[in-house]
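To keep things clear, I will list the structure first and then write my remarks on it.
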Amino acid sequence: MFYDSGLSFECQRCRYCCSSEPGYVFLSEKDIENASEALSIPKEEFLALYTRDVDYGLYYMVSLKEKDNYDCIFLSDKGCSIYNGRPLQCRTYPFWPSIVENRANWESEKKSCPGIGKGCIVSKEEIDEMLQQGNRNIPFVKMKKKKHI
């Protein structure tokens, strides 16, 4: 792997990964549990207030809502308002499979993320662990109700 010697990354708190462009933050059951605990509300209330269903044909995947300007629903002037309960997708950025797949993708992401190439080296073992966590983080899905004919 191109990251056998590790990769430099240190969040610069630019908030770009939490704002600016439309996207999805798909949630697992554990993500929903962590976020609802961080907000001290029941999971059902968290789902109703802060998530949206994304249509995938036979089912819906659950994603965080975005504000009208595409900022994450939890992005505030002070940063993430549920930082300790933020989803795994947020915790592991930029160490996502599509980004660390090869050097070209890493360098391309660097154009958007000023933290890439800065700070301490994140070891290959740490990167591999984040990738494995992502693989084990099964998205929460809602099955569609069958239509009666």
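The values are calculated or read from the model by the stated rules, or taken from the named source; none is laboratory data. Everything quoted here is computed from the prediction, not taken from an experiment. Cβ placement follows ideal geometry from the backbone for every residue including glycine, while neighbour counts extend to all protein chains displayed. Note: accessible area is taken over every heavy atom of the protein model, side chains too, but ligands, DNA and RNA are not part of it. Shrake-Rupley method; radii C 1.70, N 1.55, O 1.52, S 1.80 Å.
What the Cβ-Cβ distance of Lys30 and Lys111 gives, at R0 = 35 Å and to the nearest 0.05, is a FRET efficiency of 0.65. The slack between Asn69 and Asn135, meaning 0.36 nm per residue of separation minus the straight C-alpha distance, is 20.8 nm. Surface analysis of the chain yields an accessible area of 65 Å² per residue, using protein heavy atoms and a 1.4 Å probe. Close amide H pairs (under 5 Å, H built 1.01 Å from N) link Phe9 with Gly117, Lys118, Cys120, Val122, residues at least 5 positions away or on another chain.
Extending 7 Å from Cα along the Cβ direction at Asn102 and again at Asp4 yields two label points whose distance is 1.8 nm.
A dipole drawn for the chain from +1 and -1 charges on Cβ atoms has a positive end, and of Leu39, Cys18, Gly57 the residue lying farthest that way is Gly57. Karplus-derived 3J(HN,Hα) values for segment 103-110, using 6.51 cos²θ - 1.76 cosθ + 1.60 with θ = phi - 60°, are 4, 4, 5, 4, 5, 5, 5, 4 Hz; glycine and proline are entered as x.
Between Leu64, Leu88, Leu39, the GNM of the chain built on Cα springs shorter than 10 angstrom shows Leu39 fluctuating the most.
Whole-Hz Karplus values for segment 113-128 come out as 10, x, x, 6, x, 10, x, 6, 7, 8, 5, 4, 5, 5, 5, 4 Hz, taken residue by residue from phi with 6.51 cos²θ - 1.76 cosθ + 1.60 and θ = phi - 60°; glycine and proline positions read x. Based on Cα contacts under 8 Å between residues 6+ apart, the chain shows a relative contact order of 41 percent.
Applied to segment 34-51, the Karplus parametrisation 6.51 cos²θ - 1.76 cosθ + 1.60 on θ = phi - 60° returns per-residue 3J(HN,Hα) values of 4, 5, 5, 5, 4, 8, 6, 10, x, 4, 4, 5, 4, 4, 5, 8, 10, 10 Hz, with x for Gly and Pro. The calculated 222 nm mean residue ellipticity attributable to helices in the chain amounts to -9000 deg cm²/dmol, summing -39500 (n - 2.57) over DSSP H runs of n ≥ 4 and dividing by all residues. Would you mind checking the pairs Lys67/Lys145; Lys43/Lys144; Lys67/Lys124; Lys110/Lys142; Lys78/Lys124 and listing those with alpha carbons more than 25 angstrom apart? From Lys67/Lys145; Lys43/Lys144; Lys67/Lys124; Lys110/Lys142; Lys78/Lys124, over 25 Å: Lys67/Lys145; Lys67/Lys124; Lys110/Lys142; Lys78/Lys124.
Proximity of backbone amide H atoms, modeled 1.01 Å from N, is registered between Val25 and Leu64 at under 5 Å, excluding neighbours fewer than 5 places apart on the same chain.
Annotation: amide H-H contacts under 5 Å for Tyr93 (H modelled 1.01 Å from N, sequence separation of 5 or more, or interchain): none.
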